[in-house]
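A short write-up of the structure that comes next.
Derivation of every value follows stated rules applied to the coordinates shown; laboratory data play no part. Being a predicted model, the structure only gives us computed values, none of them experimental. Note: ideal-geometry Cβ built from the backbone for every residue, glycine included; neighbour counts use all protein chains shown.
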Amino acid sequence: MKIEIVGAGVVGSAFGRALISQGADVQWVDSNPDRVQSLRTQGLHATLPGENTNPSSLYFLCVQTPTIGGEQQRTALRESLARVATLLRPELSPTVVIRSTILPGTSRDWAIPYIEQASGLRRNEHFKFVYYPEFLREKHAAADASAPRIHLLGECEPGHGDVVAKILADIGGPIVRVSLEAAELQKYIHNNFNTLKISFFNEMRRLAARLNLAAETETMFSVTSQSAEGMWNPAYGTRDWGPVSGNCLPKDLDAFLGWMRSCDLASPLLEGLAASQFIDFFGSET
Ligand SMILES: NC(=O)c1ccc[n+]([C@@H]2O[C@H](COP(=O)([O-])OP(=O)(O)OC[C@H]3O[C@@H](n4cnc5c(N)ncnc54)[C@H](O)[C@@H]3O)[C@@H](O)[C@H]2O)c1
């Protein structure tokens, strides 16, 4: 089966090479002539969007989705969807897979209707659609793509991810299947959690420096990684047991924040944490 990867950047390049290492027939399409040339000089198949390509039965879209002024930009995604829509051939049972990071609802409310409108074809009947977020780390792109920890397939309808799952089985790693929207949201849960953890320790690092404890910061963090259940138990905090409770956590956060304020020390993350205990997502008091 011929696989087309649209976008040969960090994600598309690493993912395509992982597929090739398992014997897949991969063709990249990239609007950057230098990227195309670079792949060609390595003996790989790559073309520009305007060049002739044979229709494929599996398309992975790995183009950039930058944020400008707080808004996700879909220009590259729109352009690549428009091109892929003209190539879809129902007799090939094609599957379109978005790998770019996109906001919840983008697949069902925007991408799929866009393909239908541009191609005159219908989801389910003529083509399948999957949202398959990428979790690789940029600095370890090749290694992560060839040994992924987990795959999450968001399916438009149950079964739409069958072909993708079959190919991923060759690469290895557990495969979890969910709705389109759950896969889109999970990618942001993943990224936001990493941001939260980094920001928390940065905030604690700044606090330690203000207290002239910079030299002992790494020791305190290293001990925390062994003493705090939130560090050594991956499932900690993920169950729905309501707001933080118990004898220690709420009272200690309260006391710590009071002490910080009295010392004129700022802790925006901890202040937000305290507020988040009592305000639900819709802003009402609980
Ligand atoms: N870089 C990472 O570590 C990483 C990790 C996980 C997820 N992601 C997400 O994956 C997506 C891709 O990220 P990236 O870092 O690989 O981006 P990138 O900028 O490295 O690569 C995007 C590629 O798409 C090409 N492109 C743009 N428009 C095109 C078009 N119309 N047709 C063909 N090619 C086109 C560009 O020339 C570029 O080579 C983004 O949504 C990003 O948020 C990135």
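Numbers below:
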read-out	value
C-alpha long axis of helix 249-262 to longest principal axis of the chain, angle in °	70 degrees
Measure of compaction for segment 89-190 (Cα Rg per 2.2 N^0.38 Å)	1.08
Exposure proxy order (Cβ contacts within 10 Å, fewest to most) of Phe201, Phe127, Phe193	Phe193, Phe201, Phe127
Angle in degrees between helix 180-210 and the longest Cα principal axis of the chain, rounded to the nearest 10	40 degrees
Long-range HN-HN contacts of Leu58 with modeled amide H, under 5 Å	Glu4, Thr95
Helical contribution to [θ] at 222 nm, DSSP H n ≥ 4, -39,500 (n - 2.57), averaged over the chain, rounded to 500	-14000 deg cm²/dmol
The chain - Debye-derived log10 I(q)/I(0), Cα point model, q = 0.11, 0.15 Å⁻¹	-0.77, -1.13
J(HN,Hα) series, segment 211-224, from Karplus relation 6.51 cos²θ - 1.76 cosθ + 1.60, nearest Hz, glycine and proline x	8, 6, 10, 3, 5, 9, 4, 4, 5, 4, 5, 5, 5, 4
³J(HN,Hα) computed for each position of segment 126-132 - Karplus, 6.51 cos²θ - 1.76 cosθ + 1.60, integer Hz, glycine/proline x	10, 8, 10, 9, 9, 10, 10
Among the listed pairs Lys187/Lys251; Lys2/Lys128; Lys139/Lys187; Lys2/Lys166; Lys166/Lys187; Lys197/Lys251, those beyond 25 Å (Cα-Cα)	Lys187/Lys251
Long-range HN-HN contacts of Cys156 with modeled amide H, under 5 Å	Phe129, Tyr131
Ranked packing of 45-56, 224-235, most packed first, by mean Cβ within 10 Å	45-56, 224-235
Amide H contacts under 5 Å for Arg177, placed H, 5+ residues apart	Leu153
Whole-number percent relative contact order across the chain, with pairs defined as alpha carbons under 8 Å at least 6 apart	12 percent
Antiparallel bridge percentage (DSSP; both residues within the chain; nearest 5)	15 percent
J(HN,Hα) series, segment 159-174, from Karplus relation 6.51 cos²θ - 1.76 cosθ + 1.60, nearest Hz, glycine and proline x	x, 5, x, 4, 5, 5, 4, 5, 5, 5, 4, 5, 6, x, x, x
Relative exposure of Ile198, Ile68, judged by other C-beta atoms within 10 Å (fewest first)	Ile68, Ile198
Distance between segment 138-183 and segment 40-119 - C-alpha centres, whole angstrom	17 Å
Residues Val163, Val63, sorted so that the one with the fewest Cβ neighbours within 10 Å comes first	Val163, Val63
